[in-house]
Amino acid sequence: MSKLLHISASPRGERSESLAVAASFLDTFRAEHPDVTVETYDLWDGTLPAFGPDAAAAKMAIFAGEQPVGAAAQAWQSAVDTFRRFDAADRYLFSVPMWNAGVPYVLKQFIDVITQPGLVFGFDPERGYTGLLTGKKAAVIYTSAVYGPDRGPAFGADFQAPFLTGWLRWAGVTDVSEVHFRPNLATADAETARGYAHDQARDLAKRFA
């Protein structure tokens, strides 16, 4: 059975434009594709494991063709369990606000946890990396309060979309669709852009299966 996993990097305690646009996507998706299972992974719910020295040691052990032991083995199992939850879906929806020109740190943590050899990628000394997340597709909702692509450097830069979309393609998810709503705060006419973003999300949801 097909499954859509909504990965939310937006804290629920703040007014989140990315979550609002994601809600429009999900409402339409559920109505149009009732046979697809939908699950939300709130990265802020406290279940995301840390990626510290033990996890790093486990990763290097796997790289070397060895099995991690002790605390490293426990950290590796936590990473594998998190990856399996992610890999169980064949469709992804990411809701991603811009923080300091990039993504919220919890999303980077999630990517660091699951980006492991033999899970997300393979590596060959001569050919380099190979993404293993093939046969999947992703939709990403990008929002920002001040940054806009037509604004000058005084309004910030975009290390948000290049990072996440770049990681998805590197990992093997080559079918990536994006909805952008930015800027949503420091602008004279946010409502027009907001309505357009919600319309884009609904249209994308109709054909996202």
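The values are calculated or read from the model by the stated rules, or taken from the named source; none is laboratory data. Not measured: the values here are computed from a predicted model. Ideal geometry is used to build each Cβ from the backbone, glycine not excepted, and the neighbour counts take in all protein chains shown. Areas reflect the complete protein model, heavy atoms only, side chains present, ligands, DNA and RNA absent. Shrake-Rupley method; radii C 1.70, N 1.55, O 1.52, S 1.80 Å.
Here are a few things to note about the model shown:
- Restricting attention to the chain, lysine pairs at least eight places apart or on different chains and with alpha-carbon atoms under 18 angstrom apart total 6.
- Restricting the trypsin sites (Lys or Arg not before Pro) of region 1-64 to loop positions (DSSP other than H, G, I, E, B) with no more than 13 neighbouring Cβ atoms within 10 Å leaves R12, R15.
- Extension gain for the segment A71 to D199, taken as residue separation times 0.36 nm less the Cα-Cα distance, is 41.3 nm to one decimal.
- Theoretical gain in end-to-end length, R207 to T47 [0.36 nm per residue, Cα-Cα removed]: 54.4 nm
- To put it simply, the accessible area of the chain at a 1.4 Å probe is 53 percent carbon and sulfur.
- When shorter helices are ignored and each DSSP H run of at least 4 residues is given -39500 (n - 2.57), the per-residue value for the chain at 222 nm works out to -12500 deg cm²/dmol.
- Two-site FRET efficiency, A188 against A154, from Cβ-Cβ distance with R₀ of 25 Å, rounded to 0.05: 0.90
- Among the trypsin sites (Lys or Arg not before Pro) found in region 173-209, those both in a DSSP coil and sparsely packed, with 14 or fewer other Cβ atoms within 10 Å of their Cβ, are R207.
- Dimensionless Rg over Rh [region 160-209; C-alpha; Kirkwood]: 1.07
- Here the dipole of region 62-181 is about 220 debye; that uses its Cα centre as origin and unit charges on the Cβ of Lys and Arg (positive) and Asp and Glu (negative).
- For region 1-84, taking the reciprocal of the average inverse distance between every pair of different Cα atoms yields a Kirkwood hydrodynamic radius of 15.3 Å.
- Selection of GluC sites (Glu not before Pro), region 115-209, meeting DSSP coil and at most 16 other Cβ within 10 Å: E126
- Where the chain is the region considered: accessible area per residue in Å², 1.4 Å probe: 49 Å²
- With θ taken as phi - 60° and the Karplus curve 6.51 cos²θ - 1.76 cosθ + 1.60 applied, the whole-hertz 3J(HN,Hα) list for region 65-80 is x, 10, 9, x, 10, x, 4, 5, 5, 5, 5, 5, 5, 5, 5, 5 Hz, x standing for glycine and proline.
- DSSP-defined antiparallel bridges as percent of all bridges, the chain, nearest 5: 15 percent
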